[in-house]
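Report on one structure; see the data block that follows.
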Amino acid sequence: MKLVAVGTVAFDSIETPFDKRERVVGGAATYITLCASHFLPGCGLVSVVGDDFPNDMLQDMTNRGIDQAGLQIKAGEKSFYWSGKYHFDLNSRDTLVTDLNVLAEFDPIIPTSYKQCDFLMLGNLAPAVQMKVIQQMESRPKLVVLDTMNFWMDIAWDELMAVIAKIDVLTINDEEARQMAKEHSLVKAARKILAMGPKYLIIKKGEHGALLFDQHNVFFAPALPLEEVVDPTGAGDTFAGGFISYLASTEDISFENMKRAVIVGSAMASFTCEKFGPERLLEITRSEIRERIQQFVSLSSVDIELEG
Ligand code: AMP
């Protein structure tokens, strides 16, 4: 298994200023693996659901090469449930409900076939669980990417610091970067966060694109100005799924290739925003993806020469 992804598989209720949906399928690992299925023939999923989770969705995932040997299904229990309400700009949201349910007691068991994966995506989840996954690996993956959010910074700071010291790439949004570093300037925040352990940091800025940092370089990728954003839920996870699966499919983890991976992640995230839940990820074609990536490239490419 080249890529293994860990994270929530969940139900979400989402309210935007224009529309709402109750209990659609969501969860970080759902978006990550569905996105990755466009770039890799197979990937491993480590998560937990209750027996309320729809079989059709699990079947759709299997059909797309998403291996579920690492997915625990708990009889008589409820899946993770999250509900959020977006502000008018759709760039920020309030969490209304987080019901951990099966996640409260989640003890990840990594199947033997996953233990030597080269690429490990630790999707948004309790940092202690992310750590348990790292500890079960038989060999150090070539690249470990971790995503987290303010919820875990608020309730599990020490565990979060312990796990980010062990990873290669951290992805968070701008607000979370400021909270983590206690710095308003994102450049200063990036410097402080890189000193906490990760070699690379990606700061996601929603409709304002994403920044990739290492100790010496910065790269900026814009977000596609979409005519209509229906639901941004899962955009960050889709981004992470596109980023890591592109790197895994090209087997190149240089900074230059990470720049391409950031563009791929941004392009995939733009699809997720076009409909509620992961619906777009289930229907897009290779040619739509190719065309979208090209749009991204043209978005900020320009010939410019200063005379004299
Ligand atoms: P994103 O919009 O990419 O930040 O991610 C949204 C997804 O994250 C939703 O599908 C939720 O089910 C999931 N989610 C929300 N809160 C948490 C949490 N505390 N831990 C793990 N996953 C979460």
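Here, each number is a calculation from the coordinates, and none is a lab measurement. Since we're looking at a predicted model, the values are computed, not measured. Neighbour counts are summed over all protein chains in view; Cβ atoms, including those assigned to glycine, are modelled from backbone coordinates with ideal geometry.
Observations
- Amide hydrogen neighbours beyond the local backbone of residue 46, cut-off 5 Å, H modeled: 5, 6, 7
- In summary, the lysines within cross-link reach of residue 78, defined as a Cα separation below 26 angstrom excluding same-chain residues under 8 places away, comprise 20, 132, 275.
- For residue 85, the aspartates and glutamates whose Cα falls under 16 Å of its own Cα, not counting residues fewer than eight places away in the same chain, are 12, 15, 19, 22, 94, 99, 231.
- Rounded, prolate or oblate (a/c below 1.5 giving rounded, otherwise prolate when a/b exceeds b/c) for region 244-308 by Cα gyration tensor: oblate
- Overall form of region 1-159 per C-alpha gyration tensor (a/c, 1.5; a/b vs b/c): prolate
- Stretched out straight at 0.36 nm per residue, the stretch from residue 56 to residue 218 would grow longer than its current Cα-Cα span by 54.1 nm.
- Cα gyration tensor, region 52-105 - rounded (a/c under 1.5), prolate or oblate: oblate
- Each of the peptides 124-132, 13-21, 76-84, 1-9 was scored by the mean count of other Cβ atoms within 10 Å over its residues; in descending order, highest first, they stand as 1-9, 124-132, 76-84, 13-21.
- Listed by Cβ neighbour count within 10 Å, with the fewest neighbours leading, 35, 117 appear as 117, 35.
- Charged neighbours of residue 53, selected by a Cβ distance under 13 Å, balance to -3 (K, R count +1; D, E count -1).
- Cα-derived Rg to Rh of the chain, Kirkwood definition: 0.94
- A helix-only calculation puts the chain at -10500 deg cm²/dmol for mean residue ellipticity at 222 nm, using -39500 (n - 2.57) for each DSSP H run of at least four residues, averaged over all residues.
- Put in line by how crowded their Cβ is, counting other Cβ atoms within 10 Å and starting with the fewest, 113, 301 read 301, 113.
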